[in-house]
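Accompanying notes for the structure given below.
The values are calculated or read from the model by the stated rules, or taken from the named source; none is laboratory data. Quantities reported herein were computed from a predicted structural model and do not represent experimental measurements. Heads up, the Cβs are rebuilt from the backbone with ideal geometry, glycines too, and the neighbour counts pull from every protein chain shown. These accessible areas exclude ligands, DNA and RNA; they are computed on the full protein's heavy atoms, side chains included. Shrake-Rupley method; radii C 1.70, N 1.55, O 1.52, S 1.80 Å.
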Amino acid sequence: MAISFCLPLLAGSEVVSKDIPLYKQPGVPIDMRVADLLSRMTLEEKVLQLSQYIVGLNTNVNNTGEVNTGLPDGVGSYIYFSEDATLRNTLQRKAVENTRLGIPILFGFDVIHGFRTIYPIPLAQGCSWNSELVRELSAIAARESRMSGTDWTFSPMIDVARDGRWGRVAEGYGEDPYTNAVMGVAAVKGYQGDTLSSKVNVAACLKHFAGYGRSEGGRDYSFTDVSRQSLWETYLPPYEACVKAGAATVMSAFNDISGTPATANHYLLTEVLKNFWHYQGFVVSDWNAVQQLIPQGIAANRKEAARKAFSAGLDMDMKDDCFREHLAVLVAEGKIDEEKIDESVARVLRLKFQLGLFEHPYTPVYEEDKRILRTEDKEMAARMAQESMVLLKNNNSLLPLKKGMTMAVIGPMAKDKENLLGSWKAHGRTEDVESIYEGLEKEFGYHTRMFYAKGCDFDGSDTSSFAEALSVASQADVVILCLGEKAAWSGENASRSTIALPCIQEQLAAELYKTGTPVVILLSNGRPLELARLVQQCDAMLEIWQPGIAGGTPLAQILSGKANPSGKLCITFPFDSGQIPIYYNERQSSRPDQGKYQDIPTIPMYDFGYGLSYTTFSYGTMRASSNSIQKNGKVRVEVPVTNIGNMDGYETVHWFVSDPYCTISRPQKELKYFEKRFLKKGETTLFTFDIDPKKDFSYIDETGNYFLEEGDYYVIVKDQKIKIEIK
Ligand code: BGC
């Protein structure tokens, strides 16, 4: 990229001093600063900018391997595991002061659902249907990160995931492309704010591009076989939306797609992302993923791996050092164009300029109380925890609990703190967490007798504590049974063959239910669960997910009736693990009445969008402003909803579209819009959806082009549908 420029071009920008290199002058437009800096760099310096290493204590147990030593003073980027900015500043000083050009380092970290103020896992956030809250929490995470020395988070994960066995289902927003797109955009906006150079914003990273959520058999790091059609209709839309929203970076995925690993996938990285979507940010590999092209079977050695990944469009190599080792040689051998290297380096430098790192390379070392765990931030985390909890069952209106009921709080999750944080807890600490028991005590303790027994462990076969649990259950008016998954059972490299809870937990529930004391089951987990048996062993069931530091009080307020549950599932809960993959937007079957399982039901246990409330929302007749419009017309669809119960509450309306006949067979229904609103008891409100057929009725083909056909479309809300003809 040979870019020449002269002073008159700078009209309108701040005065330029001829004695100071252009790239060091903040008033000069970023592209010119980049070009100037590039023109001064050696090939080795350029390649260093495309290399990322780790520093500090590696907290990802799956990513082991030798720590790179003997690195030069300035590298492109570090994954930064430190809790405050001290180490960053030391390393940064070396890069800025000891290197020839003083290029600052970019510090990245996995801040997935909070930095220290850990809020619910993304799968839970999806169930809140509150994208504004997702944005606000991401902004909190960004603030804590940037003030602690991290400029860049490897989040959001927007991999559509339809296999609950895959542990990373916890890290995304569920099974639906639209939900992942909306929540992903909200997260990007929260992280990046209005300007990256603000001292409270960080660069986002969309991951894992692409198709990672389709890992074969739900096994992590496994291959995927996704057709181009499925890629475009299911896996790419969230990326397209977030790219348009300005996400600064993208991470390539570990998986291969039909034989070509995403790390070396020219179609994905160059043709789609950079050429078709005109993406200006850069692509970082996943951890060691360049080198992993060898076990993946497309490179014989590290040099070939570097060549294939870089030539496909990968800009930065995470951790494995293949780029630094080989790119310059590959240029010398004529196998890679230096111009291509310049392009990648320009992408990296552009972000460093945008973040203001050249002007402010160091992070002030703030006092903890200014930087993390602010009261208002913890309140926000608690609000999300509450809004994400999903009431799955409530027989005979057991919940909310009547005042004064004696409570037996039982189960391995009752006093646990560690596991409520979930996976990818960044700098989250157990000591920050309010346990379920503590939350209940705070809410009920003054006027209710509470007993406790652990009952059993998360797994294993030791039933020796059952007796104690049964004894406290018999003394109480209600059992609050706290079950679930350990944090490490979901997240990266945490696949399970069945998504039922271990037998011991089901057994404990069965025994307790037999006592005749009403049982409320609370579930904390990082994936959908198989609940067919458990659901028979209780009167009420509340999914609380992995709520982070502030789960206890929000759930206790739901049990007491101070809060009305409003979460709805963003992922289907199967009846049985054998149904996987199961999701609401399946394509149409050739024989809809046949093809059922012979041994289990074919329908799921709980559908996408399912969730109970303490009040009743009655839906009036849905109407459309017109039943027949032109392709470029607009139509408004509306449905009145009345809160006819006895409690105020939130209701989320999901608007689906179906197109029964199309050149490409489409899913039975597709979510196109959702809205959550608060309704006082007795209140009626009109939910509306303004349909733009080009956006909401059109479909995408296997080349990524949207098309809109004439014919009949249906808009669906709950059990109502309305036909709209496109002429
Ligand atoms: C994960 C990524 C993560 C990276 C850095 C990888 O193993 O797949 O999601 O961002 O490690 O920690």
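A few comments on the model shown:
- Of the residues making up the stretch 31-71, those that are of a type in the set (Gly, Ala, Ser) and away from the ligand (no atom under 16 Å from the Cβ) number 3.
- Counting the residues of the stretch 261-291 that are charged (D, E, K, R) and over 21 Å from the mean Cα position of the chain (by Cα) gives 2.
- The residues listed here are Tyr267, Tyr279; of these, the one that is closer than 24 Å to Lys352 by Cα and either among the aromatic types (Phe, Trp, Tyr) or more than 15 Å from the ligand (Cβ to nearest atom) (or both) is Tyr279.
- Pairs with Cβ under 7 Å, 6+ apart, first in the stretch 353-371 and outside any loop (DSSP other than H, G, I, E, B), second surrounded by 13 or more Cβ atoms within 10 Å (Cβ to Cβ) and aliphatic (A, V, I, L, M): Phe353/Ile30; Phe353/Val34; Gln354/Ile30; Gln354/Leu196; Arg371/Met147
- Once the stretch 231-253 is narrowed to residues that are closer than 16 Å to Val283 by Cα and in contact with a Ser or Thr (Cβ under 9 Å, 6 or more places away or on another chain), the residue that is nearest to the ligand (Cβ to nearest atom) is Met251.
- Within the stretch 139-150, the set of residues being within 15 Å of the ligand (Cβ to nearest atom) and in a loop (DSSP other than H, G, I, E, B) comprises Thr150 only.
- Looking only at the stretch 154-201, residues that are within 16 Å of the ligand (Cβ to nearest atom), not in a helix (DSSP H, G or I) and not aliphatic (A, V, I, L, M) come to 7 in all.
- Criterion applied to Ala540, Ala488, Ala494 was being open to solvent by 20 Å² or more (accessible area, probe 1.4 Å) and closer than 28 Å to Ile118 by Cβ, and the one residue passing it is Ala488.
- For first residues located in the stretch 152-170 and within 19 Å of Leu231 (Cα to Cα), partners that are within 13 Å of the ligand (Cβ to nearest atom) and open to solvent by 10 Å² or more (accessible area, probe 1.4 Å) and lie 6+ apart or on another chain with Cβ distances below 7 Å form the pairs Trp166/Asp220; Arg168/Asp220; Arg168/Glu492.
- Residue in the stretch 193-201 that is open to solvent by less than 10 Å² (accessible area, probe 1.4 Å), of a type outside the set (S, T, N, Q) and either in contact with a Ser or Thr (Cβ under 8 Å, 6 or more places away or on another chain) or farther than 22 Å from Leu269 by Cα (or both) present: no
- Selection status of Trp287, assigned to a loop (DSSP other than H, G, I, E, B) and either in contact (Cβ under 8 Å) with a residue 40 or more places away in the chain or acidic (Asp, Glu) (or both): yes
- Flag if Lys403 is in contact (Cβ under 8 Å) with a residue 24 or more places away in the chain and in contact with a strand residue (DSSP E or B) (Cβ under 8 Å, 6 or more places away or on another chain): no
- Criterion violated by Gln579 - all others in (1) under 30 Å from Glu443 (Cα atoms); (2) polar (S, T, N, Q); (3) open to solvent by less than 10 Å² (accessible area, probe 1.4 Å) satisfied: (1)
- Among the residues making up the stretch 308-321, those that are within 16 Å of the ligand (Cβ to nearest atom) and either among the polar types (S, T, N, Q) or out of contact with any Cys (no Cβ under 8 Å at 6 or more places or on another chain) (or both) are Leu314, Asp315, Met316, Asp317, Met318, Lys319, Asp320, Asp321.
- Restricting the stretch 204-230 to residues that are over 22 Å from Ser138 (Cβ atoms) and not in a loop (DSSP other than H, G, I, E, B), the residue that is farthest from the ligand (Cβ to nearest atom): Gln229
- Residues of the stretch 381-423 classified as hydroxyl-bearing (Ser, Thr, Tyr) and closer than 28 Å to Ala494 by Cα, total: 2
- When restricted to residues that are assigned to a loop (DSSP other than H, G, I, E, B), more than 16 Å from the ligand (Cβ to nearest atom) and either open to solvent by less than 10 Å² (accessible area, probe 1.4 Å) or modelled with pLDDT under 95 (or both), the stretch 502-533 contains 5.
- Residue in the stretch 426-443 that is closer than 30 Å to Glu216 by Cα and either of a type in the set (Ser, Thr, Tyr) or not in a strand (DSSP E or B) (or both) present: yes
- The residues of the stretch 688-712 that are in contact with an Asp or Glu (Cβ under 6 Å, 6 or more places away or on another chain) and either open to solvent by 40 Å² or more (accessible area, probe 1.4 Å) or over 23 Å from Thr234 (Cα atoms) (or both), listed by number, are Thr688, Asp712.
- Test for Ala473: is it more than 16 Å from the ligand (Cβ to nearest atom), part of a helix (DSSP H, G or I) and touching a residue at least 24 places away in the same chain (Cβ under 8 Å): yes
- Among the conditions (1) assigned to a loop (DSSP other than H, G, I, E, B); (2) open to solvent by 30 Å² or more (accessible area, probe 1.4 Å), the only one that Glu343 does not satisfy is (1).
- The single residue among Thr448, Thr430 that is over 26 Å from Met605 (Cβ atoms), touching a Ser or Thr at 6+ places or on another chain (Cβ under 9 Å) and among the hydroxyl-bearing types (Ser, Thr, Tyr) turns out to be Thr448.
- Any hit, the stretch 380-395, residues being open to solvent by 60 Å² or more (accessible area, probe 1.4 Å), among the polar types (S, T, N, Q) and not in a loop (DSSP other than H, G, I, E, B): yes
- Pairs, first modelled with pLDDT of 95 or more and open to solvent by 20 Å² or more (accessible area, probe 1.4 Å) in the stretch 226-248, second among the aromatic types (Phe, Trp, Tyr) and in a helix (DSSP H, G or I), C-beta under 8 Å, six or more apart: Pro237/Tyr178
- The residues of the stretch 292-312 that are outside any loop (DSSP other than H, G, I, E, B), farther than 18 Å from Phe209 by Cβ and either without any contact (Cβ under 8 Å) to a residue 24 or more places away in the chain or within 26 Å of the chain's Cα centre (by Cα) (or both) amount to a single one, Glu304.
- Residue tally, condition farther than 16 Å from Met318 by Cβ and touching a Gly at 6+ places or on another chain (Cβ under 6 Å), over the stretch 234-265: 4
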